[in-house]
Amino acid sequence: KVSFLQTKLKLKDKDVRKISLAYPQLWGLGIESNMEPTIDFLLDHMNGEYDTLSSFVLRQPWLLAFSLEKRLKPRVARLEALGIAVEFMPITVMSYTEPDFQRYLERCTENWVMQPDDVEMDSEWVAI
């Protein structure tokens, strides 16, 4: 698992030690069942930004233990539906309780208004 994390997230030995101390339960997670699918999903939605994902994992290694289907995918979908890039979300946003996550989304969008599209009658969000 050490070499997997070092390779997949481009972590150094000191980074893996930091993760181990912060969240020793990580070593109980399966690579194929937990870590790899989560890392691949997040990397895909962070446009392959290894540095960004590595900093997320270093700050909150339990991110790799969250349910991909029940927490990460639905939240990423909600962020992206609002046009919020995953790589720019607060590092701890996936750890928020559901009410706190909803409040975060509301704060992000509270100054947005709907603007009609000149070409079609669709609408798009615009920050004011």
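When peptides 75-85, 24-34 are sorted by average Cβ neighbour count within 10 Å, with the highest value leading, the order is 75-85, 24-34.
Charged neighbours of ARG71, selected by a Cβ distance under 12 Å, balance to +2 (K, R count +1; D, E count -1). Round to a whole number: what % of the accessible area of the chain belongs to carbon and sulfur, probe 1.4 Å? About 52 percent, which is the carbon plus sulfur part of the accessible surface.
Counting every pair of alpha carbons in the chain, the share spaced more than 26 Å apart comes to 30 percent.
Rolling a 1.4 Å probe over the protein heavy atoms gives the chain an accessible area of 60 Å² per residue. To the nearest Å, what is the center-to-center distance of region 3-45 and region 64-113, using C-alpha atoms only? So the two Cα centres are separated by 21 Å.
Estimated from helical segments only, the mean residue ellipticity of the chain at 222 nm is -13500 deg cm²/dmol, where each DSSP H run of four or more residues counts as -39500 (n - 2.57). When nucleic acids and ligands are ignored and a 1.4 Å probe is applied, LYS14 ends up with an accessible area of around 130 Å². Hydrodynamic estimate: the Kirkwood radius of region 42-81 over Cα pairs, inserted into Stokes-Einstein at 10 °C and 1.306 mPa s, corresponds to D of 149 µm²/s. Here LYS14 is the anchor, and the lysines within straight C-alpha reach of less than 22 Å, apart from those fewer than 8 places off in the same chain, are LYS1. Using a Gaussian network model of the chain in which every pair of alpha carbons under 10 angstrom is joined by a spring, one finds that among PRO61, PRO90, PRO99 the greatest mean-square fluctuation is at PRO99.
The values are calculated or read from the model by the stated rules, or taken from the named source; none is laboratory data. Small disclaimer: the values here were computed from a predicted structure and weren't measured. So basically every Cβ, Gly included, is an ideal-geometry build from the backbone, and we count neighbours across all protein chains shown. Surface areas here come from the heavy atoms of the whole protein model, side chains and all, with no ligands, DNA or RNA. Shrake-Rupley method; radii C 1.70, N 1.55, O 1.52, S 1.80 Å.
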